[in-house]
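The values are calculated or read from the model by the stated rules, or taken from the named source; none is laboratory data. Quick caveat, the model's predicted, so the values are computed rather than measured. Because the Cβ atoms are built from the backbone with ideal geometry, glycine has one as well, and the counts that use them run over all protein chains shown. When the accessible area is computed, the model is the full protein with side chains, heavy atoms only, and any ligands, DNA or RNA have been set aside. Shrake-Rupley method; radii C 1.70, N 1.55, O 1.52, S 1.80 Å.
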Amino acid sequence: MDSQQHKSHRPSSKKEKGKERQHGFNEKAFAPKSGRKADRQGRRKVEQDQTRLHVPLVNRTPDDDPPPVIVAIVGPPGVGKTTLLKSLVRRYTKQTLTEAKGPITVVAGKKRRLTFIECNNDLSSMIDIGKIADLVLLMIDGSYGFEMETFEFLNILQTHGFPKVIGVLTHLDLIKKAATLKSTKKTLKKRFWTEIYQGAKLFYLSGVLNGRYPDTEILNLSRFISVMKFRPLIFRNSHPYLLADRIEDLTPRELVRTSEGKCDRTVTLYGYVRGTNLRMGTKVHIPGVGDLDIQGVSNLGDPCPLPTAESEKRRKLTEKKKLLIHAPMSDVGGIMYDKDAVYVNVPGSFSRGIVDVPQGEGEQMVMDLQDVDATLEDRVAQSQIRLFGSSSKTLTVNRSDQLQQKPESEDDHDNDLSTEGDVAEQSDLENSSEGDSDTEAGSSTLPHINTGRTSHRTNIRSLPSSGTARADIEYADSDSDLGEDEDDARTKLGHRIQFDEDDEDIPSDEEADMLMHGNEDSENDVPKWKANLSERAASASSKSTSKRKNWIKLIYSSDLSPEEILWGKSKHSEVEIGEDDFLQVKRKHDVDDLEGLDASKDPLDISSLKKWEDEEMLDSIRHLFITGGEGPNVEPASGFGEESEDQQVSDDKDDAASNPEQLTPDQVRATALAAKKEVLKRKFDEQYDDPETITEDFYTSRKEEINQQLAINRAEFEGIADGEARALVEGYRPGQYVRIELASVPCEMIEHFNPLYPIVVGGLLPAEERFGYIQVRIKRHRWFARTLKTNDPLIFSLGWRRFQTLPIYSLDDHSIRMRMLKYTPEHMHCYATFYGPVSLPNTGFCTFNSLSREASGFRVSATGVVLDVDRSTKIVKKLKLTGIPYKIFKNTAFIKDMFSTALEVAKFEGANIRTVSGIRGQVKKALPKPDGAFRATFEDKILKSDIIFLRAWYSIQPRKFYNPVTTLLLPDKSWTGMRLTGQIRRDEGLKTPHGVDSTYKPVVRAARRFNPLIVPKKLQAQLPYASKPKLMKSQKAQTYLQKRAVVMEPEEKKALALMQQMRALRKDQVARRKEKKSEKKADRAKNLEKEDAKKSEKDKERKKEVMKMAGMQRKREAEAEGGRGARKRRKT
């Protein structure tokens, strides 16, 4: 057996996996078989690319620190908005909200924050939310379907710029049957896509667990929200606005008490700037309140900052220090900010001894208040104030001597103390911040004692009476040596200040430490003032060259005159300290000297201009100008530190002037021509050889231009280090958290404040602050039941404003006139003109007849867009004037009752008139009597019964009526505007008065007798026979046939009698036959009635059985689906 040889196995025919993929992708395998199919695929690909394109818009939102994305949760009542809000906040912050009110800002990622806000079932809130929301979570009750509020909100979004919309279906757990659930989802998705767009995102939330939606479904929704991209909307991209998340009343309590709360308030609002830059002086509008003036804007620290590396490290160490949520109007962390107070809620039992349990923000505030062991006065008395950063002893306050007169030495001491703030700001030592805070605290305890001075001391740094040091500082060569910068002063004085005539050096704290510790390297021991001389010289040089005046701050943030700014005057430069420390008034500069005032003009020396007459000198510097060609590159001078641009340019000029023979003029021109040819060749090569440039289209190039311009605009203000100065010029950028102070705010806004209603502060452009006549294109909404009438009050939502006005509808009549319409046309646009606040063209708007919740039907009455402002085209109305003739001639008649005076007739001379029968005429001349009568000519003779009318056009103008909608000033937020007369009568239960002339009466018209047409005999003789009248007179005498008598023969009489008998028999036979037929018909009708009665009884029985079975079937289905048909809607 061991020696038996086995046959070798046959090689396997199966190929190893992945063998066929080792040779790469086979392009031929996926190529279309026909050219027509390839053409269709190419066309489809191009169409898909074109559908993705849109008009490029400038995105003014900063990329580094964008404002939070506003996510609005909208839906009818009872659909689960609050539950979804709490679930999303729980997902992002791990905190459970017991009461969600107002905006809630959370951190959603490294570069994104979200502001959630719930929109209540109020039309005013829906309008405001639709104007500011970046993303809308549209909630739909899956077991009920779409409701009217959903469609109204979608139409509001369409007119104010459509943001991103995500649908959320809730209450799907109430549908028990799987087939019914599937068909419901399909139907609602199809209807949702019809309203939004094909492929709109729709999420499904099945049920509620522990007061929240399932975590998996909320996780999917939050992931989709976190990665969404938003396109800038045109209106928001041109207006600054903010959503206020906190409000405070700064009105003095005494003023509120004395006026019993009826005085105008001073209110501050907090929020993130959005849209464009918010500038000081901008007028703002709060929807529901009105136009207000900004009294002040200040930038605050971000209460909900984006995570950084430092914050991430801190968050990993301890979870309780993370700040991921900002909701002042809600009860986050046990703190709730109201309109005039801060409420701290400590739920359950509270113990200070427990350290392991993380405390909330409110509990931490209470603990900090409990830890205070001394009053403010005691802390001020114990504070330590140092006169200089190098002082070894601190100043002390003697309370017992405060009320006594101070000697002159203490006066100097007070002078030094008053300047401590500036010293502390300029000092770079370790205890500078301590000295600064102590100075502020100590200044509040010092009493104001009259020492005989006529003015306050200046906040300048004065040194003690050392004649040498004082002389060195006062007579320095430059401004930088006058002690303006503390670092420069310390550098020049060697960190020492001379107090005595013996020039005894008092070492600073740093030097004392070095002396105490000693220097181990005694071999290299050098004096302190010789250490690091080169580095200190370089830093001093760079500081002196880079120190320039901040003209932006001097101009925008100063109340000094231009002359005072030009002479270098500051707010505290009115007085100076003399040698004996007495105040002396400085001499005012002679500002009348115009040449001295114009500091841009240097003193002119005529002799120095002769060197510019040399041609070689001019040719040597010709390349330094734009039109002079290109010159040789000059290397900048090297030295310690960085030289300024002015020094480099001056060095270049000196080198060029000292070496004029470097290049001849011909060589310079040849070099410039070669460089120009090189540039043209490079452009040609880039256009025809670069494949990227070939594929670049208009869309890409336009986006590149926008991005480049945006980068230039942002880089323009990057160099301004001072944030206040930059805000004065540029404004507060989007993404900054600001505090806006508003004056003259109605007191009702504070008294009736409700955090459930959003407060939007919208900035107005300069053109939008005035009022005028606005022409718009409008169309009545197809779902609005009633037709709109001219001069009926209508509520407009235009821009930030909501107001009521009286529009006049018109139509362009063949480009000749704007003809007024009494009603809006059906299914077509028309023009409307009304008085109101000016808005920019192409601004969308929507209108409402009523904002009441009780209004039945669809409330959006019309939509449209603004066309023009203060248009000069007049709207004309058709006018018919009627009159009657009182004297008629051949073709002339005298007309009365059309005008009242001869002056009116003179205005209408030559006007066309006509009669009701169609005879045309013309107004000729006014008659002396009666007043208003005139002579008119017609194309034919008219009758006295004719009515003459004149068609004219009467110019009309809209009424100046503007009624702002002030919902935030009402306690119930239910605003009612001007009502029509009929509506007032219906509300008051009044009957419509009937006038005597308005009562309908039967019209009695007498029969008119028309004369026959008479043609003269002479005219009849001239007419042809066909045109002659064929009228014959009626025969008065009897004719021969009428007059003759008929005598019958006997045979004729017999025949006549026989015929009469036969007719009588026939008549009797027909009568008897009709009688029999009627009897038969009556019997048949009785039989049919009996049969119908029997049949109807059978039908009733059959219908009862069918309905009984159908009812049982519906009952079974309802029981199977959980009682869907008879259940009541559940509120969440």
First measure r as the distance between the Cβ atoms of Thr873 and Lys925, then evaluate 1/(1 + (r/R0)^6) with R0 = 41 Å and state the FRET efficiency to the nearest 0.05. 0.75
According to a simple spin-label model (label point 7 Å from Cα along Cα-to-Cβ), what is the distance in nm between Asn26 and Lys1081? 9.1
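Which order, highest average first, do 94-103, 199-208 follow once you tally other Cβ atoms within 10 Å for each residue and take the mean per peptide?
Working: 94-103: 17.0, 199-208: 15.4.
Top of the packing list down: 94-103, 199-208.
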Give me a comma-separated list of calculated 3J(HN,Hα) values for the range 47-58, in order, Karplus coefficients 6.51, -1.76, 1.60 applied at θ = phi - 60°, integers in Hz, x for any Gly or Pro. 5, 4, 5, 6, 5, 7, 6, 8, 5, x, 10, 6
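Which pairs, out of Lys86/Lys189; Lys822/Lys874; Lys45/Lys190; Lys111/Lys189; Lys1053/Lys1074, put more than 23 Å between their alpha-carbon atoms?
Details: Lys86/Lys189 25 Å; Lys822/Lys874 16 Å; Lys45/Lys190 26 Å; Lys111/Lys189 32 Å; Lys1053/Lys1074 32 Å.
Check vs 23 Å cut-off fails for Lys86/Lys189; Lys45/Lys190; Lys111/Lys189; Lys1053/Lys1074.
Once you keep just the Cα pairs under 8 angstrom separated by 6 or more residues, what percentage relative contact order results for the range 788-902?
The normalised contact order for the range 788-902 reaches 22 percent.
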Hey, can you rank 932-945, 1011-1024, 121-134 by average C-beta count inside 10 Å, highest first? 121-134, 932-945, 1011-1024
So for the pair Val1015, Ala1110, with labels modelled 7 Å out along Cα→Cβ, what separation do we get in nm? 7.6
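How far, in nm, would the chain grow between Ser701 and Arg786 when pulled straight, counting 0.36 nm per residue and subtracting the alpha carbon separation?
Details: separation 85, 0.36 × 85 = 30.60 nm, distance 4.93 nm.
Here the answer is 25.7 nm.
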So, with points 7 Å from each Cα along the Cβ direction, the Val1070-Arg979 label distance in nm works out to 7.2
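For the range 69-236, compute Rh as the Kirkwood radius over C-alpha pairs and then the Stokes-Einstein diffusion coefficient at 4 °C and 1.567 mPa s; write the answer in µm²/s, rounded to an integer.
In µm²/s, the coefficient rounds to 79.
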Solvent-accessible area per residue for the range 974-1132 at a 1.4 Å probe radius, Å²? 105
Mean Cβ-within-10 Å packing, highest first, puts peptides 245-254, 1093-1102 in the order 245-254, 1093-1102
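Figure the gain on full extension for Glu716 and Lys111 (residue separation times 0.36 nm, minus the Cα-Cα span) and round it to one decimal in nm. Don't skip to the end; give the middle numbers.
Values: separation 605, 0.36 × 605 = 217.80 nm, distance 2.42 nm.
Full extension of this stretch gives 215.4 nm more.
If you place +1 on the Cβ of every Lys and Arg, -1 on the Cβ of every Asp and Glu, and leave all else neutral, what size is the dipole of the range 978-1060 about its Cα centre, to the nearest 20 Debye?
Numbers: 18 positive and 6 negative charges, 109 e Å.
Once rounded to the nearest 20, the dipole reads 520 debye.
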Determine the distance separating the Cα centre of the range 150-218 from the Cα centre of the range 797-871; give it in Å without decimals. 32
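Could you tell me which of the pairs Lys131/Lys164; Lys101/Lys973; Lys880/Lys907; Lys878/Lys941 are separated by over 19 angstrom between their Cα atoms in the structure shown? Don't skip to the end; give the middle numbers.
Details: Lys131/Lys164 12 Å; Lys101/Lys973 17 Å; Lys880/Lys907 15 Å; Lys878/Lys941 28 Å.
Distance filter (> 19 Å) returns Lys878/Lys941.
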Given a Förster distance of 56 angstrom, what is the FRET efficiency for Asp972 paired with Tyr823, based on the Cβ-Cβ distance and rounded to 0.05? 0.95
R0 of 60 Å, Cβ-Cβ distance Lys907-Glu730: FRET efficiency to nearest 0.05: 0.50
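For Thr96 and Thr82, calculate 0.36 nm times their separation in residues minus their Cα-Cα distance, and state this gained length in nm to one decimal.
Numbers: separation 14, 0.36 × 14 = 5.04 nm, distance 1.20 nm.
Value of the extension gain: 3.8 nm.
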